[in-house]
1. For the range 291-308, how many residues are within 18 Å of residue 275 (Cβ to Cβ) and in contact with a Phe, Trp or Tyr (Cβ under 9 Å, 6 or more places away or on another chain)?
2. Considering every residue within the range 135-150, establish whether at least one is under 19 Å from residue 323 (Cβ atoms), at pLDDT 95 or above, surrounded by fewer than 20 Cβ atoms within 10 Å (Cβ to Cβ) and more than 28 Å from the chain's Cα centre (by Cα).
3. Return yes or no: is residue 331 at negative phi and within 21 Å of the chain's Cα centre (by Cα)?
4. Restricting to the range 157-209, what's the tally of residues that are out of contact with any strand residue (DSSP E or B) (no Cβ under 7 Å at 6 or more places or on another chain), open to solvent by 30 Å² or more (accessible area, probe 1.4 Å) and assigned to a helix (DSSP H, G or I)?
5. Suppose we filter 312, 297 for residues that are open to solvent by less than 50 Å² (accessible area, probe 1.4 Å) and in contact with a Leu (Cβ under 9 Å, 6 or more places away or on another chain); which single one remains?
6. Only one of these conditions is not met by residue 303: (1) touching a helix residue (DSSP H, G or I) at 6+ places or on another chain (Cβ under 7 Å); (2) hydrophobic (A, V, I, L, M, F, W, C); (3) crowded, with 22+ Cβ neighbours inside 10 Å. Which number is it?
7. Scan the range 244-262 and give yes if some residue there is among the acidic types (Asp, Glu) and either open to solvent by 50 Å² or more (accessible area, probe 1.4 Å) or over 15 Å from the mean Cα position of the chain (by Cα) (or both), otherwise no.
8. For residues in the range 210-248 being out of contact with any helix residue (DSSP H, G or I) (no Cβ under 9 Å at 6 or more places or on another chain) and part of a loop (DSSP other than H, G, I, E, B), which is nearest to residue 108 (Cα to Cα)?
Amino acid sequence: MHSTRRRHRWKLVVGPVLLLMALTALPSSAWAEPGTPQPTPMHDARPHPDADPDPLAGLALPDLATNPGSVLGDLASDGRASDPAMAPGAPAAAGGPPSELLLPALASPRMFHGLAFDTCMTPSLDTMRRWRSSKYGAVGVYYGGRGRACPHQPRLGHRWMKGVQRLGWRVLPVYVGSQSPCVVAGPKKAYRIGRHAWRQGVQEGRDAVRRARAVGIRPGSPLYLDMEAYKYRQKKCARTTLTFVRGWDRQVRGKGYVPGFYSSADSGVAHMRAAARAGARDLPSVIWFARWHTRPRLAREPALRGSAWSSRRRIHQYAGNVKERHGGRTLVIDRNLVHAPVARIR
């Protein structure tokens, strides 16, 4: 009889202890109310430098016509944010868009303000000497990229760069790499961005820097990525294109160069503007927008309304495929109004 009582008392003690141990072993989600979201276990999320990042999943690209204003800020004469609230690290305004300046300050760039031309094939030094009689003071040079319309440039090299600099020209280096998956121009479809957009952007950014150095373009110079007109309102295509551009920009900027971006005002430029308003990072520091058949102007471009990419970061291509003759030499050119960085030639 006493042993039976002892066994009964033992069960009364051991039972609750075992029950308590079982309950404490349950995951925290077992105690949550149904439908309550639970935190995800932490892990090392640092990507490989060349790995594809999250391509801005869920990034809302606002309609430009209904979202006036800017999160980029204007620049003072030294290239820095003119508004202290736009300085890097500034807190975001309550209830509004982030007020951090997304475009890094231009570190003592060589600036040019005036007219420029670009042409598919690099002209001879003699032609460039004769064209000093024209109204142009800078020249756009297609120095690299697999998507160039004129891939073979026998005159282009370090000697040519030094030569045009001695003649007084300023240089706008243009890199025509892979194109958007929804590019409009038929000939450019052969150069569309592949499946790994970030990795491809990084690789082509490296190539852009390597080729720039090979022709004597020093760090601190702008490199302009040429992205021909594309259907940026197609969401999947827009994500792929933006991921490629961001990868290219990050690589170029990391190597000490200034990433620029050329495209149609109503496609690529409008896309970059929308991405900036949505808070995207690794965006171009300078915008070169094409809007033909209009007067040359920098400050009143509709696709860049507000204060995004101030006039010291803008180039307007206002005419294309026109013939001009100076000093007895004729070229087919595009015409540009520039207030932006130009190359430093060593």
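1. Kept after step one, since they are within 18 Å of residue 275 (Cβ to Cβ), are these residues of the range 291-308: 301-308.
Narrowing the set further to residues that are in contact with a Phe, Trp or Tyr (Cβ under 9 Å, 6 or more places away or on another chain) leaves 301, 303-304.
Residues in the range 291-308 being within 18 Å of residue 275 (Cβ to Cβ) and in contact with a Phe, Trp or Tyr (Cβ under 9 Å, 6 or more places away or on another chain): 3 in total.
2. So the first thing to find is which residues in the range 135-150 are under 19 Å from residue 323 (Cβ atoms), and the list is 135-136, 139-140, 142, 149-150.
Retained after the next criterion (residues that are at pLDDT 95 or above): 135-136, 139-140, 142, 149-150.
If we keep only those that are surrounded by fewer than 20 Cβ atoms within 10 Å (Cβ to Cβ) as well, we get 135, 149-150.
Subsequent filtering for residues that are more than 28 Å from the chain's Cα centre (by Cα) retains 135.
Looking through the range 135-150, at least one residue is under 19 Å from residue 323 (Cβ atoms), at pLDDT 95 or above, surrounded by fewer than 20 Cβ atoms within 10 Å (Cβ to Cβ) and more than 28 Å from the chain's Cα centre (by Cα).
3. no
4. 10
5. Only one candidate qualifies: 312.
6. Of everything listed in (1) touching a helix residue (DSSP H, G or I) at 6+ places or on another chain (Cβ under 7 Å); (2) hydrophobic (A, V, I, L, M, F, W, C); (3) crowded, with 22+ Cβ neighbours inside 10 Å, residue 303 misses just condition (3).
7. So in the range 244-262, the residues among the acidic types (Asp, Glu) come out as 249.
Now narrow it down to the ones that are either open to solvent by 50 Å² or more (accessible area, probe 1.4 Å) or over 15 Å from the mean Cα position of the chain (by Cα) (or both): none.
No, there is no match, as no residue in the range 244-262 is among the acidic types (Asp, Glu) and either open to solvent by 50 Å² or more (accessible area, probe 1.4 Å) or over 15 Å from the mean Cα position of the chain (by Cα) (or both).
8. 220
The values are calculated or read from the model by the stated rules, or taken from the named source; none is laboratory data. As the structure is a prediction and not an experimental result, all values here were calculated from the model. When we count neighbours, we look across all protein chains shown, and the Cβ atoms used for this are built from the backbone with ideal geometry, even at glycine. For accessibility, only protein heavy atoms count, side chains too; no ligands or nucleic acids. Shrake-Rupley method; radii C 1.70, N 1.55, O 1.52, S 1.80 Å.
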